[in-house]
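Here's the structure we're looking at; comments come further down.
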Ligand code: HEM
């Protein structure tokens, strides 16, 4: 049964002291005082006003008044599950990460799937990207693989993320539309950002309306680094391959399901796990030797590009099984805090400017979303190994650190952690050689926005291509500003002229005889784009 399996999981065991079963107990206050009547407030006389003195009423109501926390600024709607990960064969050639080298380990995981744009109560079936965030509770600390169900992203530089999200979220004056990309602000932004074209092809494809969370691929998107015990590094892209295969619904089905059961994906995941039908994914890696960094005609640091599997095959190195539903949605799924900066020895970052910006954003937002600097002490966020450092105090501190000192170096002794040195092991950033000038311009190696968009479109079967055409007609058909529709047709001509022609026909527009700006690798396709290409080197 589910509970038997979960007993073997170190994280579940670690959570146990925080769980609470009130069944059959007497009701009492938060200070432990037994309550003798939970149905009536204290009044001045049988029909009189409620008394300020009623501390039992006030405590209950005050707690209720504070039950909500801000929803995530993106990925607000999600569903979580516990599980385990096991590596098939030691990956020590590439990485020293214990959970990827020790084949005897079953590493506990907590996964949260999500939509991106909608609010907490929005439908599961929106046309949207899906988040696929995995927290590995490893023996060397927490590793978070905070991915999506699409392998690329809208933008190349994190500085554009607030603009992207402002464009995709409901419009600020009337908060319409909820959880849909079918509106002027979204397509206005997209049509002015040619770098988003590859992602738009994925977003308009069947990938954006999954049949089930259990039937989605996952991707780390960025190129990461593996580092082995000899401090040798290689590049790595992470993939999750669902053992149930990849399946989608048709748009017409999605709209009907949204009306009848907006919890469709949440319910599907919950019921599959409750009935012992545990969903499974294999972890895949694409490995690129450091020496091959510049071998491709795209930049490994550009998150709008994939590494085609024909060039670098995906090796399946382990399996994740989700085998236990959370006990409490708020305590676990809502309070979980993923962060791309949670890495363990053996895994490191690259200079992808999107990845680099995310390293700042997650902790920053969680400081407000989860109420201060101690959110790592919330049960679902704690590592399975004890935490020893000199960080202290702050709102809602749970740990009672003993001893007189909390600094290092330290000659007074007492209860303080020893200073970590390189000799003692621990995380050591990869010593990548840097010799460069500080600049703000985008790298020229990021300027080809259309080759892979066309690659994706052309990889689709005839019905799948038709779905992309239909999606673009539907979404752009909701855009009021004709100039935006026309600008999108211009972008589409750079992907595929037939695609552009079909969408234009559906919208009653003309296709420009020639693309307004011919495809010109190395130059942004639209003059309104807010950066200038560097002069030729
Ligand atoms: C959630 C920022 C790009 C995947 C979030 C959150 C923020 C954020 C602030 C809310 C976190 C919270 O409240 O706990 C950013 C920024 C990005 C970016 C600034 C780019 C500059 C991406 C990309 C991916 C991604 C490229 C996928 C590879 C996710 C996922 C979640 C999330 C899966 C939900 C995590 C959960 O389930 O709690 N992001 N994000 N994000 N982001 Fe990003």
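Just so you know, all these numbers are worked out from the coordinates, no wet-lab data involved. Nothing here was measured: the structure is a model prediction, and the numbers come from that model. Cβ atoms come from the backbone with ideal geometry, glycine included; neighbour counts cover every protein chain shown.
Things to note:
- Gyration tensor verdict on segment 281-391 (Cα atoms; rounded if a/c is under 1.5, prolate if a/b is larger than b/c, oblate otherwise): prolate
- Between the C-alpha center of segment 160-211 and that of segment 47-69 there is a gap of 43 Å.
- Centre separation in Å (Cα based) which lies between segment 437-494 and segment 252-286: 29 Å
- Report note on the peptides 282-291, 121-130: ranked by the mean count of other C-beta atoms within 10 Å, highest first, their order is 121-130, 282-291.
- The chain gives an Rg/Rh value of 1.00, both radii derived from C-alpha positions and Rh following Kirkwood.
- Segment 496-515 and segment 81-114 have Cα centres spaced 48 Å apart.
- Shape class of segment 136-268 from the Cα gyration tensor (axes a ≥ b ≥ c, square roots of the eigenvalues): oblate, since a/c reaches 1.5 or more and a/b does not exceed b/c.
- Working from Cα pairs under 8 Å separated by at least six residues, relative contact order for the chain is 17 percent.
- Taking the average, over residues, of other Cβ atoms within 10 Å as the packing measure, peptides 408-417, 272-281 rank 272-281, 408-417 from highest down.
- Taking each DSSP H run with n ≥ 4 as -39500 (n - 2.57) and averaging over every residue of the chain yields -7000 deg cm²/dmol at 222 nm.
- Taking every C-alpha pair closer than 8 Å and separated by at least 6 residues, the mean separation divided by the residue count of segment 306-385 gives a relative contact order of 31 percent.
- Packing-based exposure ordering (other Cβ within 10 Å, fewest first) of 137, 407: 407, 137
- Per-selection Kirkwood Rh - segment 220-347 (Cα, Å, 1 d.p.): 17.9 Å
- Helix 251-260 vs. the chain, principal-axis angle (Cα, 0 to 90°, nearest 10): 20 degrees
- Proxy reagent accessibility, fewest Cβ within 10 Å first, across 384, 176: 176, 384
- Three-way shape call for segment 345-483 based on the alpha-carbon gyration tensor, with the a/c threshold at 1.5: prolate
- Take 91-97, 212-218 and order them by the average number of nearby Cβ atoms within 10 Å per residue, most first; the result is 212-218, 91-97.
- Compared with the rule-of-thumb size 2.2 N^0.38 Å for a compact globular protein, segment 55-188 has a Cα radius of gyration ratio of 1.40.
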